[in-house]
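Data block below; observations after.
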Amino acid sequence: MAKYTLLIYGDSARWEALTAEEREAHDAAHAEFRAAAGDRILGGQELEPSPNATTLRGSTTSDGPFLETKEALGGFYMIEAADLDEVLALAKLLPEVRAEHSGVEIRPVVDHP
Amino acid sequence: MTAVSEALADAHRRDWAQVLATTAQVTRDLDLAEECTQDAYAQALSTWPRDGVPARPGAWLTRVARNRALDLVRREAALRRRLPLLVIPPAATPGDPWDDDRLRLIFTCCHPALSRDNQVALTARLVCGLSAAEVARAFLVSEPTMAARLTRAKRKIATARIPYAVPPPEALAERLEPVLEVVHLLFTTGHTAPVGPALLRTDLTAGAIHLARTLHLLMPAAAPVTALLALLLVNDARSAARTAPDGRLMLLPDQDRTLWNHTQIAEGVALLTDSLRRHPPSRFSVEAAIAAVHAESPSWERTDWDEIVRLYAVLARLTGNSPVVALNRAVALGFRDGPAAGLAALDLLTAEPALATYPYLAAARADFLRRLGRVDEADAGYEEALALTDNEVERQFLTSRLERRNSS
């Protein structure tokens, strides 16, 4: 088994503009993903929008994310799976894969002994 | 060629993928499998001339590569292991002919998580057995660049744990598409080499056809595979007539049709007919149908341009109005309705950004202009095409078009 992080990127403005029904459908899709992945999910969180981030570089503390981009990191999951195909099949259940402003980046996690 | 070197070349073309794919099961590392396969062929080169060609060369090579792999894995496992082991999921149904090592290798090399460049490079190197230098030359990059690309791609397979597996039936259609694209790209790159002294690179075309044959053998029910094999066979069948004995480029109207491989054309047409009976037309089957109309025409003059123009219209629809297809359709229109009609259709495409550096647009315009007697404009077109062409045989042809006029 190996660990992967699913990084969910998208346009924060679009996420914030979801109607109550859209938000409900969105959350239901995440619940479906979590049910399908079961105990393969090791963790995961939804992040507050990037204007709420604080970035440290050297001796400066600045207001905002590390990279100012339209498509920002909105959340992540850490999962465990046998191979990439297993991860791909699960990640396809995430609603952010289907919405046109967002996507999911899959990164294998370095296996430190 | 001596009998031994012929047997070796044969074994290289026929067995490389099988030897490497089987060895990878032992090493669980594509780099190491590649090294052991290379070693086995090197050993054949030194022992076959002395001991004779073994009765079953493929089995001999597999045994040598496998033993070498077992040896290395035992001795060096702890030392050289830098990357995670290749993930080899158990076959869904053991003993299924579908679960073939070569298919595992092909689907792994063409996994959608790899870029198209990486898929092509890996397939040419690991499945077709071309050297990194040959792959680099074919795809116009330096040898160190290609070596680095192959290393990065193999590292991604290991670290992202792309499984060494044949996809399950429900994922097959999606996963087959990049495989067919890669095989097609290998063939077209070899059919008209982008650069260099020869028009054809038979290492690439033969490798691609062998691969398409293997896929067809293992997946006889997959109609898109049948269509691709048909396309490659019919196009390849004309190879011997594409250059004159002195190396000059011979265009379709001037080709000696008796030099075409008519047995191969018949095989391709039979496969195409079968594919079209079982499956709606696809990009490859329509391209094969166009190639078949040409291949079955008794002469250039009797070419069925009506049918070809009609097929290009179908192809345009299937490819989302690809500019290259539009170009070919315009040329066919010109042969059906006359050079003025062809030129008018081509002129609609001159602003198309995707064709800005495509030499065949300038060359096709020049050809119609020449037929219309507009020689100065034709020359400008040939000059433009020449500036965009790096294949020596094609350059000579374009130069000869210019010279013919200057000397007359």
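The values are calculated or read from the model by the stated rules, or taken from the named source; none is laboratory data. Computed from a prediction, not measured in an experiment: that's the story for all the values here. For neighbour counting, all protein chains shown are included, and Cβ atoms are generated from backbone atoms with ideal geometry for every residue, glycine included.
Restricting attention to region B:354-388, which residues are part of a helix (DSSP H, G or I) and basic (Lys, Arg)?
Across region B:354-388, the qualifying residues are B:ARG365, B:ARG370, B:ARG371.
Consider B:ARG104 carefully, then state whether it is more than 24 Å from B:ALA222 (Cβ to Cβ), within 14 Å of chain A (Cβ to nearest Cβ) and in a helix (DSSP H, G or I).
For B:ARG104, the condition - more than 24 Å from B:ALA222 (Cβ to Cβ), within 14 Å of chain A (Cβ to nearest Cβ) and in a helix (DSSP H, G or I) - is not met.
Quick check on my filter: what residues within region B:173-195 are within 14 Å of chain A (Cβ to nearest Cβ) and loosely packed, with under 15 Cβ neighbours inside 10 Å?
B:GLU174
Restricting attention to region B:31-53, report how many residues are assigned to a helix (DSSP H, G or I) and either among the small types (Gly, Ala, Ser) or assigned by TED's automatic domain parsing to the domain that holds B:THR151 (or both).
Residues flagged as assigned to a helix (DSSP H, G or I) and either among the small types (Gly, Ala, Ser) or assigned by TED's automatic domain parsing to the domain that holds B:THR151 (or both) within region B:31-53 amount to 5.
When region A:32-59 is examined, which residues are found to be part of a strand (DSSP E or B) and of a type in the set (Asp, Glu)?
Answer for region A:32-59, where residues must be part of a strand (DSSP E or B) and of a type in the set (Asp, Glu): just A:GLU46.
Inside region A:60-110, can you point out the residues that are within 23 Å of B:ILE157 (Cα to Cα), in a strand (DSSP E or B), of a type in the set (A, V, I, L, M) and away from chain B (no Cβ under 11 Å)?
A:MET78, A:ILE79, A:VAL104
When you go through B:ALA289, B:ALA341 one by one, which is the residue that is assigned to a helix (DSSP H, G or I), at pLDDT 95 or above and more than 30 Å from B:MET219 (Cα to Cα)?
Every option except B:ALA341 fails the conditions.
Hey, does region B:222-240 have a residue that's under 25 Å from A:LEU88 (Cβ atoms), among the β-branched types (Val, Ile, Thr) and within 14 Å of another protein chain (Cβ to nearest Cβ)?
The answer is no; no qualifying residue exists.
Cβ-Cβ under 6 Å, sequence separation 6+ or interchain: first residue in region A:1-29 and farther than 28 Å from B:VAL87 by Cβ and more than 14 Å from chain B (Cβ to nearest Cβ), partner surrounded by 15 or more Cβ atoms within 10 Å (Cβ to Cβ) and of a type in the set (A, V, I, L, M, F, W, C). Which pairs?
Close Cβ pairs (under 6 Å, with a partner that is surrounded by 15 or more Cβ atoms within 10 Å (Cβ to Cβ) and of a type in the set (A, V, I, L, M, F, W, C)) amount to A:SER12/A:ALA72.
Is it true that some residue in region B:156-168 is closer than 26 Å to B:ASP100 by Cβ, part of a helix (DSSP H, G or I) and more than 10 Å from every other protein chain (Cβ to nearest Cβ)?
No.
Tell me, yes or no, whether region A:75-84 has at least one residue that is surrounded by fewer than 18 Cβ atoms within 10 Å (Cβ to Cβ), modelled with pLDDT of 95 or more and farther than 30 Å from B:LEU83 by Cα.
No.
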